[in-house]
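Participant: There's a structure below that I have some questions on.
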Amino acid sequence: MTENQTAAERVVRGGTLDAMAALGQSRAPEPVQRFRYPDGHVGWLVTGHALVRAVLADPRFSSRAELKRTPVHRPGAEPFIGRPAPPGWFIDLDPPDHTRFRRLLAGQFTLRRMNALRPGIERIVGEQLDALERAGEPADLVERFALPVPLRVICELLGVPATEHETVRRESTSLLSLAATAEDGATALEHLTELFRTLIGHKRGRPGDDVLSGLVSSGELSDEEVAGACVLLLTAGHETVASALGLGTLVLLCHEEQLAVLRDGTTSAHAAVEEFLRYLPVFHVGIPRGALEDVELGGRPIRAGDTVTLMLPAANRDPGRFGDPEELDLARGGTGHIAFGYGVHQCIGQHLARIEMRIGFAELLRRFPGLRLAVRTEEIFLSRNGIACGVHRLPVTW
């Protein structure tokens, strides 16, 4: 137990910049390993690519909130973990309850609709690059670019007015923080839910071409379900993309040969983003599932009631699935990664995230061909205070 616990802790907690790879490297000899959760429960950690996919596709492993535990100390989640999901939080439901929400939202997040958003995303990216340039050198790429781009995109998509963006940013940061207290988490969730309750009333009278208006006009969900689903989409739709844009830029600037092939067009933005999604350990805290019955997994006996946490960063660097997995190779295209999960709970916003990243990285390098770090890499640290791993600050010059 002691050796496996140490390995699991390394997978979950990572380290500073040099330890980013440890989220993928630090796996026990077995892809399914015993793990003691902060509440004392002894469950399992899964790091193998094939087994992670298998669990995500297996209905014997439940996504229901009342069966979940967090592998890291996260007081802010205490009001929600181990009890039924709040209304609308479909990520914490199993079919058929989950299917009801997924069916309604699928039409809102089709590839065709996301592609239709490209002009708006390009406008937002351009405006934030203008803001980055106006800030002067050196400028913080996280504050001026990586954070505001996905926040503005998801708010426009959902129908949240610009006057509420700062509130959304503050409350969602608190909701997703690993350092937040239980009271902080509950308060942030209530504030965001109340925001959408108010917006629902507005949209009912004056609907727009946004996701919130579409859900309201469908008449298939209660107001509380609509509000909860939108809070989930909002928080999931900007935190992870913001981390990917900031951390991806850092990684790119630390790999000059990869930066060169992206700048000269040898590698497409499409392929580069897929490799970033495989390589970057953005969602570092794992995906929990609860076993509904006894199951054998990787030769290990999983018992009904056991919590199993799936480590996507480790699975995406599984040497059994990817050649030289610790190497960033933009030309490989990251085919087969599971950064967006797998199965019925695969991220519904994955098309949007991909488009944001492709436009974001391509335009950033086009506008600033001389982009480089303004500090030594030793002065940049990973931020693991939220469910998404990233960097707090990224001073750059050009």
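Values in this text are rule-based calculations from the coordinates and carry no lab data. Model, not experiment: these values are computed from the prediction. Cβ coordinates were reconstructed from backbone atoms using ideal geometry, including for glycine residues, and neighbour counts include every protein chain displayed.
Participant: Test of understanding: extend the Cα→C-beta vector of THR110 to 7 Å, then name every residue of the range 142-161 with backbone N under 19 Å from that spot.
Facilitator: Residues 157-158 qualify, since their backbone N sits under 19 Å from the label point.
Participant: Using 0.36 nm times the number of residues separating ASP264 and ALA50, minus their current alpha carbon distance, what extension gain do you get?
Facilitator: 73.5 nm
Participant: Next question. List the residues, sorted by chain then number, that are 5 or more residues from ALA374 or on another chain and whose placed amide H is less than 5 Å from its amide H.
Facilitator: Amide H neighbours of ALA374, under 5 Å, 5+ apart: VAL396, THR397.
Participant: Still on this structure: Show me 103-110, 183-190 ranked by packing, highest mean number of other Cβ atoms within 10 Å first.
Facilitator: 183-190, 103-110
Participant: Order the peptides 337-343, 228-234, 301-307 from the highest to the lowest mean number of other Cβ atoms within 10 Å of their residues.
Facilitator: Descending mean neighbour count gives 228-234, 337-343, 301-307.
Participant: Can you name the helices of the chain, as whole DSSP H runs, whose Cα span along the helix axis is 18 Å or more and whose Kyte-Doolittle mean is not below -1.0?
Facilitator: 118-135, 182-205, 223-253, 350-367
Participant: Taking only DSSP H segments of four or more residues, each worth -39500 (n - 2.57), what value at 222 nm results for the chain once the sum is divided by all its residues, to the nearest 500 deg cm²/dmol?
Facilitator: -14500 deg cm²/dmol, from helical runs alone.
Participant: Could you give the dipole magnitude of the chain about its Cα centre, charging the beta-carbon of Lys and Arg +1 and that of Asp and Glu -1, in debye to the nearest 20?
Facilitator: Value, rounded to 20: 520 debye.
Participant: Just need the Rg to Rh number for the chain, please, alpha carbons only, Kirkwood Rh.
Facilitator: Rounded to two decimals, Rg over Rh is 0.95.
Participant: Compute the distance from the alpha-carbon center of the range 231-273 to that of the range 346-398, in whole Å.
Facilitator: After rounding, the separation between the Cα centres reads 6 Å.
Participant: Further question on the same structure: Just going by the charge dipole of the chain, with Lys and Arg at +1 and Asp and Glu at -1 on Cβ, which of LEU234, HIS255, LEU178 is farthest out on the positive end?
Facilitator: Toward the positive end, the furthest listed residue is LEU234.
Participant: Let me ask you something else. Suppose R0 equals 22 Å. What FRET efficiency, 1/(1 + (r/R0)^6) with r the Cβ-Cβ distance, do GLN346 and HIS73 give to the nearest 0.05?
Facilitator: My answer for the efficiency is 0.20.
Participant: Assuming R0 = 22 Å, can you tell me the calculated FRET efficiency for the pair ALA162 and SER217, based on Cβ-Cβ distance, to the nearest 0.05?
Facilitator: 0.45
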